[in-house]
Amino acid sequence: MSCEAEAARSEFVPVTSERPADEGPDDTHALTWAALLAHWLDVAKATVALPDQGDAGRWKRSLPHLIELHATALALTDITRLRVEDRAVARDKADVLAKRANAQLQTIWRGVPMAEDIVEAQEAAARAIRRSLYAGLVELYWPGPGILEVPDLDLGDGASGSVGTLAVMPPGSLAMPREPVAWFAERPPIAIEGCVAREADEPRQVYREIGADGRFVRDLVAPIDGDLLSGLPMLVVHSLAGTPIGLPPKTRDEWLRLQRGAMPGADPLPVIEMPTG
């Protein structure tokens, strides 16, 4: 990279996550996506000083698209300030904006390796779009002691649970202490007796490992955005951003009988919680 190009790169400072001031005492005021994104674009542009001379070249042409990617990612961190009914449109527009910026960057860097900083910005924007699906996420976890038999659930919106985002262990599942039994966002809350509701940054899955003899060995609890782990996924995603995904394959009694038959004993399985982040 030339000295001029390096100077252009070093002038690009990722924007901070400073939030816009509230418009009034009511924190539930509605913001439009256009206003939210415009704010972050203004912040991003204020942090960039483009060189007027030199051969910054690709970096100089890339900076406006980097601004778009960073602004998109940062605006999505504020998506919970939008009305729930406006969030799907916001996510769609963010996805279109990111794809447009990525297409321009691919053209600019065609034939040469793309700079690591730009790849990181692309990955950050994609990650922000995925995580925006879980804005305001609530996790229900079983604190113990002992094993919880997940009961029949009243999802409050029909058997499919097709409002907002919802994942839950099917009725008849055996939940171990410290495990998430359900998580949901952008929908009416659900409750399971004995479980504790808490805010969560990202959804987690429980992977139940099965030994060669067909019996359960242990549970791994890990973010769903991480590597796919071996084992039986215990939480079924019923709906994602209002789109129905799946339903439990068996009745509560059938699933409970299979679960009990695969337990190695009466004690809870070991639970290993994988790092989040």
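The values are calculated or read from the model by the stated rules, or taken from the named source; none is laboratory data. Because the structure is predicted, anything quoted here is derived from the model rather than measured. Don't worry about glycine lacking a Cβ; one is built from the backbone with ideal geometry, like all the others, and counts go over all protein chains shown.
Quick notes on this structure:
- Condition met for residue 182 (within 16 Å of residue 149 (Cβ to Cβ) and assigned to a strand (DSSP E or B)): yes
- Qualifying residues in segment 217-231 (those that are in a strand (DSSP E or B) and among the β-branched types (Val, Ile, Thr)) - the one nearest to residue 269 (Cα to Cα): 217
Residue-by-condition table, conditions (1) touching a strand residue (DSSP E or B) at 6+ places or on another chain (Cβ under 9 Å); (2) not aliphatic (A, V, I, L, M):
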{"residue": "180", "(1), (2)": "yes, yes"}
{"residue": "188", "(1), (2)": "no, yes"}
{"residue": "204", "(1), (2)": "yes, yes"}
{"residue": "229", "(1), (2)": "yes, no"}
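- Single unsatisfied condition, residue 149 versus (1) modelled with pLDDT of 90 or more; (2) surrounded by fewer than 20 Cβ atoms within 10 Å (Cβ to Cβ); (3) over 30 Å from residue 252 (Cα atoms): (3)
- Looking only at residues in segment 193-216 that are among the charged types (D, E, K, R) and surrounded by fewer than 16 Cβ atoms within 10 Å (Cβ to Cβ), the one that is modelled with the lowest pLDDT is 201.
- Only a single item in (1) at pLDDT below 90; (2) over 23 Å from residue 187 (Cα atoms) is not met by residue 267, and it is number (1).
- Qualifying positions in segment 217-230 - at pLDDT below 85 and within 15 Å of residue 176 (Cβ to Cβ): none
- Close pairs from segment 74-99: first more than 18 Å from residue 202 (Cα to Cα) and not assigned by TED's automatic domain parsing to the domain that holds residue 123, partner charged (D, E, K, R) and surrounded by fewer than 18 Cβ atoms within 10 Å (Cβ to Cβ), Cβ under 6 Å, at least 6 apart: none
- Residues satisfying the criterion are present in segment 251-271 (criterion: assigned to a strand (DSSP E or B) and touching a strand residue (DSSP E or B) at 6+ places or on another chain (Cβ under 7 Å)).
- The residue list 108, 147, 129 contains one member that is of a type outside the set (Lys, Arg) and under 23 Å from the mean Cα position of the chain (by Cα), which is 129.
- Any hit, segment 229-240, residues being in contact with a Leu (Cβ under 7 Å, 6 or more places away or on another chain), within 23 Å of residue 146 (Cα to Cα) and buried (at least 21 other Cβ atoms within 10 Å of the Cβ): no
- Residue pairs whose Cβ atoms lie under 8 Å apart, sitting 6 or more positions apart in sequence or on different chains, and linking a residue in segment 113-135 that is under 20 Å from residue 63 (Cα atoms) and in contact (Cβ under 8 Å) with a residue 60 or more places away in the chain to a partner that is part of a loop (DSSP other than H, G, I, E, B) and aromatic (Phe, Trp, Tyr), are 115/109; 117/12.
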